[in-house]
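To start, the structure under review is shown below, and the notes come after it.
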Amino acid sequence: MSASAEERNARTPWALTAPALMLFVGVLLIPLAMTVMLSFHDWGQYKGIEPVFILKNWHEIVTDPYYAEMFGRTFRIAILTTLLTAVLGAPEAYILNRMSGRWKSVFLLVILGPLLISVVARTLGWALLFGGNNGLVNKLLMSAGLIRAPIPFMFTETGMVVALAHVMMPFMVLSVWAALQRLDPQIENAAMSLGAGPATIIHRIIMPQIMPGVLSGAIIVFSLSASAFATPAIIGGRRLKVAATLAYDEFLNTLNWPLGAAVATLLLAALVLIVVGSNALIERRYAEVFR
């Protein structure tokens, strides 16, 4: 093969990936860079945005306890949502994996079906069920005399966790289900024939095999929950803000774009560090699984 042919072959992958790379740079990297730069600009109610380099927005976020409380609430809700989806999603994935072919297809469709419905519609469904005195479930329970006051759901962290867990559950189930595909059912049968009980089988055989899937699903659920906007905006409203809704308010209501950019940048940086660090720990701990 001539040198010119080898050179053309070396350039071919770059030529094929150039359109996607240009789209990635134009749609993602450039807007992110502009957002980071915007966070260092000044803003005033009458003067608007001034393109000067200052640290006022970052200083306000670091020193004002309101932002510490808001970011703490954001990550607390994300952690609780991740734990709830792991506790409910892992057994669901295991049961799905043990089903026969026909029923497995049906229930897999049931699990994936909510992904075909808008997040806004699903969250509004929770609001209609538990929305104060007018919520359908609250009305039924109060009319039956089971409760005297409506179950507090709207504008509470519990309501946000439940609604987010419902939205994020398919991601956890699919991650655990994918990990279960590596598990040989005959190993469980062999353990039973050797006298191992159900608890021992779950603890010593099943859990070590599905833990990479649980942790991978936890990373996905945590990052999506911490950056979620629609569900916290509907359930939490203006009383219970998280990082995403605060950035939205700063951009479109207060019109303080530099402060909103600083909040968004800090949230993105925190999520990137958490996700990259967690992924590195998981790959190191379960290196043989990812080979």
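Quick rundown of the values:
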{"item": "Count of the range 47-100 residues which are in a loop (DSSP other than H, G, I, E, B) and either among the acidic types (Asp, Glu) or closer than 26 Å to Leu240 by Cα (or both)", "result": "1"}
{"item": "Arg148, sole failed condition from (1) modelled with pLDDT under 85; (2) closer than 23 Å to Thr81 by Cα", "result": "(2)"}
{"item": "Enumeration of residues in the range 220-231 that are assigned to a helix (DSSP H, G or I) and among the small types (Gly, Ala, Ser)", "result": "Ser223, Ser225, Ala226, Ala230"}
{"item": "The range 108-142, residues that are surrounded by 15 or more Cβ atoms within 10 Å (Cβ to Cβ) and of a type in the set (A, V, I, L, M, F, W, C)", "result": "Leu108, Ile111, Val119, Leu124, Trp126, Ala127, Leu129, Phe130, Val137, Leu141, Met142"}
{"item": "Conditions (1) surrounded by fewer than 13 Cβ atoms within 10 Å (Cβ to Cβ); (2) of a type in the set (A, V, I, L, M, F, W, C); (3) more than 30 Å from Met34 (Cβ to Cβ); number of the one not met by Ile210", "result": "(1)"}
{"item": "Residue match in the range 239-262 (condition: of a type in the set (Val, Ile, Thr), touching a residue at least 60 places away in the same chain (Cβ under 8 Å), within 27 Å of Ala121 (Cβ to Cβ) and in a helix (DSSP H, G or I))", "result": "no"}
{"item": "Qualifying residue in the range 158-169 (condition: more than 25 Å from Leu240 (Cβ to Cβ), out of contact with any Lys or Arg (no Cβ under 6 Å at 6 or more places or on another chain) and either in contact (Cβ under 8 Å) with a residue 60 or more places away in the chain or exposed (fewer than 14 other Cβ atoms within 10 Å of the Cβ) (or both))", "result": "no"}
{"item": "Selection count, the range 262-281, where residues are surrounded by 15 or more Cβ atoms within 10 Å (Cβ to Cβ) and of a type outside the set (Val, Ile, Thr)", "result": "8"}
{"item": "Matching entry among Ile201, Ile210 (being touching a Leu at 6+ places or on another chain (Cβ under 8 Å), of a type in the set (A, V, I, L, M) and under 30 Å from Ile79 (Cα atoms))", "result": "Ile210"}
{"item": "Top-ranked residue of the range 49-75 - restricted to ones that are farther than 24 Å from Phe229 by Cβ and surrounded by 11 or more Cβ atoms within 10 Å (Cβ to Cβ), ranked as farthest from the chain's Cα centre (by Cα)", "result": "Glu50"}
{"item": "Scope the range 224-250; condition open to solvent by 30 Å² or more (accessible area, probe 1.4 Å) and of a type outside the set (A, V, I, L, M, F, W, C); matching residues", "result": "Ser227, Arg238, Arg239, Lys241, Tyr248"}
{"item": "Hits in the range 170-219 (condition: free of Cβ contacts under 8 Å to residues at least 24 places away in the same chain and not in a helix (DSSP H, G or I))", "result": "Asp184, Leu194, Gly195, Ala196, Gly197"}
{"item": "Residue that is farthest from Trp103 (Cα to Cα) [pool: residues in the range 76-93 that are open to solvent by less than 40 Å² (accessible area, probe 1.4 Å) and not small (Gly, Ala, Ser)]", "result": "Ile77"}
{"item": "Of all residues in the range 151-168 being in a loop (DSSP other than H, G, I, E, B) and not hydrophobic (A, V, I, L, M, F, W, C), the one that is nearest to the chain's Cα centre (by Cα)", "result": "Thr156"}
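The values are calculated or read from the model by the stated rules, or taken from the named source; none is laboratory data. Keep in mind the model is a prediction, meaning the values are calculated, not measured. For neighbour counting, all protein chains shown are included, and Cβ atoms are generated from backbone atoms with ideal geometry for every residue, glycine included. In case anyone asks, the SASA skips ligands and DNA or RNA and just uses the protein heavy atoms, side chains included. Shrake-Rupley method; radii C 1.70, N 1.55, O 1.52, S 1.80 Å.
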